[in-house]
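Beneath this line is the structure, given in structure tokens, with notes to follow.
The values are calculated or read from the model by the stated rules, or taken from the named source; none is laboratory data. Just so it is clear, the model here is predicted, and its values are computed rather than measured. FYI the Cβ positions are ideal-geometry reconstructions off the backbone, even for glycines, and counts take in every protein chain you see. Just so you know, the surface numbers come from the protein's heavy atoms only, side chains and all, with ligands and any DNA or RNA stripped out. Shrake-Rupley method; radii C 1.70, N 1.55, O 1.52, S 1.80 Å.
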Amino acid sequence: MTSTAPITQDVMTFPRKAEGGKPNLIGLTRDALRQVLIDHGTPEKQARMRAGQIWQWVYQWGVRDFAQMTNLAKAYRLDLAESFRLDTPEVVSRQVSSDGTRKYLVRIAGGHEVEVVYIPEEGRGTLCISSQVGCTLTCSFCHTGTQKLVRNLTAGEIVGQIMVARDDLGEWPTQGAPKDETRLLSNIVLMGMGEPLYNFENVRDAMKIAMDPEGIQLSRRRITLSTSGIVPEIHRTAAEIGCQLAVSFHATTDEVRDRLVPINKKWNIEALLEALKAYPKVSNSERITFEYVMLDGINDSDEDARRLVKLIEGIPAKINLIPFNEWPGAPYKRSSNNRIRAFADIIYKAGYASPIRTPRGEDIMAACGQLKSATERARKSRAQIEAEAQQG
């Protein structure tokens, strides 16, 4: 489908090079780490073993000091420390909501900042991570989307968000201690700043590290990637990552979705659903999650609910209904509780799970669609934010 309407340009950004300094090993794939060690002079016959040892220290034990890697020779450790870095994003600020949600503002290379949110729940803890500084997509209901795209995050900056959260939670295992299967950080969702599928390779490499059995050890079923519908990359996600997939759907007609999720003008509902039908089979995922933000008078009618059920027919799915999280100058209002429950009831009676997401972290602007760097907000008054939102 070609679009005559203007949409956000599909831009590929390039991360800023490390300023002088030493290369960072965090974020390299196993093969890339091995090759870096060989290029640095590690004998080829030893390189796989050395890469595996460093990998375990960094991703299984959370160690970022070569001096502590005691199964490597002391001279080799000194050489590594002189030549390489093991850097994760710097935590600039940490806020804790009244409901236990934690929001971290982290700084990456070039002085840019992104937000990361940890949401504790009964029996699980979910970390919402970012894939870009800003966002390309300008979805009209999303506060995060009002911040212009600066650049893609590197694989190291993406997996680094997981690592700094585990630091804060004190969750790196202790060597020699009995294995503890309980996880404070048990799930990852790529639902923070940015569109993950516009940064595919870095997201893929970071998630491979997160899923590695000798590292962070998260099952692919505990990782959910959320996309607004970048159709060409959906099959690649199934084949090369295989994690759970969530789709920012939010409307049941192209007319409304064009307004809410402008990328729909490039890949419309029909094209998106066609790509989604194949995803569970290729990735061995159980079902697709359809995210649906509830906007008063826009997409919340009984007719919308019935249309939604018809559209997803034949796709193993659940529908996450998201009460709209309002922000200064937002052009929409949250649907009433009664309207959301009536909408959910129609979906449930059609045979689909239709949980209503409980808003979390609203008091620290950490709820869905509210992420935006604190420094960006601090530079602007509430009136400026509202004026920009009204301009669309």
I'm trying to understand the selection: among the residues of segment 184-218, which are without any contact (Cβ under 8 Å) to a residue 60 or more places away in the chain, under 23 Å from ARG102 (Cα atoms) and in a loop (DSSP other than H, G, I, E, B)?
LEU218
Quick one: in segment 120-138, of everything that is in a strand (DSSP E or B) and buried (at least 23 other Cβ atoms within 10 Å of the Cβ), which residue is modelled with the lowest pLDDT?
CYS135
Kindly list, by first and then second residue, each pair from a residue in segment 311-329 that is within 13 Å of ALA246 (Cα to Cα) to a residue that is of a type in the set (Phe, Trp, Tyr) and open to solvent by 30 Å² or more (accessible area, probe 1.4 Å), limited to pairs with Cβ atoms under 8 Å and residues at least 6 apart or on different chains.
ALA317/TYR352; LYS318/TYR352; ILE319/TYR352
Here are some conditions: (1) over 30 Å from GLY41 (Cβ atoms); (2) crowded, with 22+ Cβ neighbours inside 10 Å. ILE158 meets all but one. Which one does it not meet?
(1)
ASP304: passes all of (1) open to solvent by less than 20 Å² (accessible area, probe 1.4 Å); (2) of a type outside the set (A, V, I, L, M); (3) part of a helix (DSSP H, G or I); (4) over 18 Å from THR253 (Cα atoms) but (4)
For the list (1) in a helix (DSSP H, G or I); (2) hydroxyl-bearing (Ser, Thr, Tyr); (3) open to solvent by less than 60 Å² (accessible area, probe 1.4 Å), I need the number of the one condition that THR289 fails.
(1)
Members of segment 188-226 found to be open to solvent by less than 10 Å² (accessible area, probe 1.4 Å) and of a type in the set (S, T, N, Q), listed by number:
ASN199
Look through segment 227-280, keep the residues that are of a type in the set (Phe, Trp, Tyr) and farther than 22 Å from GLU303 by Cβ, and return whichever of them is surrounded by the fewest Cβ atoms within 10 Å (Cβ to Cβ).
TRP267
Before we move on, is GLY100 part of a loop (DSSP other than H, G, I, E, B), within 17 Å of ALA206 (Cβ to Cβ) and either among the acidic types (Asp, Glu) or touching a Lys or Arg at 6+ places or on another chain (Cβ under 9 Å) (or both)?
no
Counted residues in segment 74-92 being among the hydroxyl-bearing types (Ser, Thr, Tyr) and assigned to a helix (DSSP H, G or I) come to 2
Please indicate, with yes or no, whether at least one residue in segment 285-300 is out of contact with any strand residue (DSSP E or B) (no Cβ under 6 Å at 6 or more places or on another chain) and touching a residue at least 60 places away in the same chain (Cβ under 8 Å).
yes
Cβ contacts < 6 Å: first residue under 18 Å from LEU28 (Cα atoms), restricted to segment 76-91; second residue among the aromatic types (Phe, Trp, Tyr) and open to solvent by less than 40 Å² (accessible area, probe 1.4 Å), any location; separation 6+ or different chain. Result?
LEU80/PHE66; ALA81/PHE66
Report yes if LEU197 is at pLDDT 95 or above and of a type outside the set (Lys, Arg), otherwise no.
yes
Hey, does segment 165-175 have a residue that's of a type in the set (Phe, Trp, Tyr), at pLDDT below 95, in a loop (DSSP other than H, G, I, E, B) and open to solvent by 10 Å² or more (accessible area, probe 1.4 Å)?
yes
